[in-house]
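Asker: To start, I am sharing the structure in question, which I have written as structure tokens.
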Amino acid sequence: MGIKDPEPGKFSGKALLKGKKCVVTGGALGIGAQICYTFAENEAEVVILDYNREAAENTKSFITAAIENSKVHFVQADVSDRAELKKSFDEVASIFEGSIDVFVNNVGIIQPCRIEDIISDEESKTFDRIIDVNIKGTYYCAAYAYPLLVKGVDPALILIGSCASVGSEGQGGYAGSKAAQRGLLGTLAKEWKATDDYQAVRVGLIEPDYLEKTAITVEKQYWLDLANARRTTVDKISDDTVARTKVPLKREARLTEISEVVMFYALSTYLNGEALSVSGGKTMRL
Ligand SMILES: NC(=O)c1ccc[n+]([C@@H]2O[C@H](COP(=O)([O-])OP(=O)(O)OC[C@H]3O[C@@H](n4cnc5c(N)ncnc54)[C@H](O)[C@@H]3O)[C@@H](O)[C@H]2O)c1
């Protein structure tokens, strides 16, 4: 387990985040691990906040071995557990001496969940877990991060959402949880404004779509099977053709194509309250 094939970014060696104190939830695997790698490559000090100790320790060792002088810490917490999260933020405050510059709320679980099934005993558990992790976890993290962010340098909170926020067949629970991030984004952009006493904390939402390689592969197979079950045998689709038919760029995103947009948003000091889809043009609104 742990980070798999992290990619060198286009901006590696540029030290764009030199000295920045950054926290990435769900930084042990997938997109989160790539964000940690990209941040460390750009000389940020990074805290991986995750519940998977083994994967997080592997990712931490991998990054520190691959990037000279990188500083990576691990703090363990399940983001859906408010009490546990409080302790983990105390730990973050102690590592970073009371402030955070960039907080990336990346944790999210993707599980199939059809609306008409969520009233069954079994599926209601899936639905509850999606709500607990994706909505409550995200909101709790924002609440705990604010007092530390407001003391940071050009502080920003970046949410990792999904293009599924506008609706996704068979993924009602997940889509709704990602739409809730849009509500949180707009609310925080208004509430975390500059006052006479406090600086503003900027917020952003990055919404990826198809990705080349993450731990979601199993779920992806589920969607392909579902789509294929409705088709004739001549017309079966493959993992590859899903992206090719729907995305103008005719390919899925590489992980750095997400992590570097996160870094770009963190660095763009006048971007605030915006949702950016990183979908290769699939979700363009023109
Ligand atoms: N993979 C995709 O195709 C895709 C597409 C669009 C958006 N996204 C979004 O990107 C984000 C990351 O997705 P990913 O594919 O990298 O996921 P992933 O499953 O590969 O990794 C998720 C990470 O979060 C951690 N985690 C999960 N639940 C947790 C909890 N309750 N508390 C603490 N840590 C927890 C895991 O240990 C893991 O390190 C999610 O918000 C997801 O919705 C993913």
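Any read-out appearing in this document is the output of simple, stated calculations on the displayed coordinates, not a laboratory observation. Just so you know, these numbers come straight off a predicted model, no measurement behind them. Because the Cβ atoms are built from the backbone with ideal geometry, glycine has one as well, and the counts that use them run over all protein chains shown.
Asker: Taking the Cα atoms of the chain, report the difference between the largest and smallest coordinate on each principal axis, in whole Å and largest first.
Answerer: For the chain, the Cα spread along each principal axis is 60, 42, 40 Å.
Asker: If you don't mind, there's one more thing I want to ask. Magnitude of the Cβ-charge dipole of the chain, K/R +1 and D/E -1, about the Cα centre, nearest 20 debye?
Answerer: 720
Asker: Would you mind computing, in nm to one decimal, how far apart the modelled labels at Glu191 and Arg82 are, each placed 7 Å from Cα along Cα→Cβ?
Answerer: Simple spin-label model gives 1.3 nm for this pair.
Asker: If we count other beta carbons within 10 Å of each Cβ, what is the order of Leu255, Leu276, Leu286, fewest first? Don't skip to the answer; put the middle values down first.
Answerer: On the way: Leu255 26, Leu276 17, Leu286 3.
If I rank by nearby Cβ atoms, fewest first, I get Leu286, Leu276, Leu255.
Asker: Direction-averaged shadow area of the convex hull around the Cα atoms of region 1-78, nm²?
Answerer: With every direction weighted equally, the projected area is 4.3 nm².
Asker: OK, next. Counting only residues 5 or more places away or on other chains, whose amide H sits under 5 Å from the amide H of Phe74 once H atoms are built in the peptide plane?
Answerer: For Phe74, the qualifying residues are Ile48.
Asker: Let me ask you something else. Where does each of Ile100, Ile109 land when they are ranked from fewest to most other beta-carbon atoms within 10 angstrom? Intermediate results must be reported in sequence, preceding the final value.
Answerer: Values: Ile100 28, Ile109 18.
Ranked by crowding around the Cβ, least crowded first: Ile109, Ile100.
Asker: Restricting to DSSP H runs of at least four residues, report the calculated mean residue ellipticity at 222 nm for the chain, -39500 (n - 2.57) per run over all residues, nearest 500 deg cm²/dmol. Write down the numbers at each step before the final one.
Answerer: Values: 9 runs with 117 residues, N = 286.
Rounded to the nearest 500, the figure is -13000 deg cm²/dmol.
Asker: Which order do peptides 180-189, 27-36 fall in by mean Cβ count within 10 Å, highest first? Don't jump to the answer; show the numbers that get you there.
Answerer: Numbers: 180-189: 17.9, 27-36: 28.5.
For the peptides 180-189, 27-36, the packing ranking is 27-36, 180-189.
Asker: Still on this structure: So if R0 is 30 Å, what FRET efficiency would Glu97 and Glu212 give, r being the distance between their Cβ atoms, rounded to the nearest 0.05? Please report the intermediate quantities before stating the final value.
Answerer: Numbers: r = 37 Å, r/R0 = 1.24.
Result of the calculation: an efficiency of 0.20.
Asker: Compute the FRET efficiency between Thr269 and Ala143 as 1/(1 + (r/R0)^6), taking r as their Cβ-Cβ distance and R0 = 22 Å, and round to the nearest 0.05.
Answerer: Details: r = 24 Å, r/R0 = 1.07.
The formula returns an efficiency of 0.40 here.
Asker: Give the residue list of GluC sites (Glu not before Pro) in region 1-75 that are DSSP loop and have at most 13 other beta-carbon atoms within 10 angstrom.
Answerer: Numbers: sites: Glu41, Glu43, Glu45, Glu54, Glu57, Glu68; in loops: Glu43, Glu68.
When the GluC sites (Glu not before Pro) of region 1-75 are filtered for loop state and at most 13 Cβ neighbours within 10 Å, Glu68 remain.
Asker: Hey, another quick one. Could you calculate the contour length gain from Ser120 to Met284, that is, 0.36 nm times the residue separation minus the distance between their Cα atoms, to one decimal place in nm? Don't jump to the answer; show the numbers that get you there.
Answerer: Working: separation 164, 0.36 × 164 = 59.04 nm, distance 3.63 nm.
The Ser120-Met284 span can extend by a further 55.4 nm.
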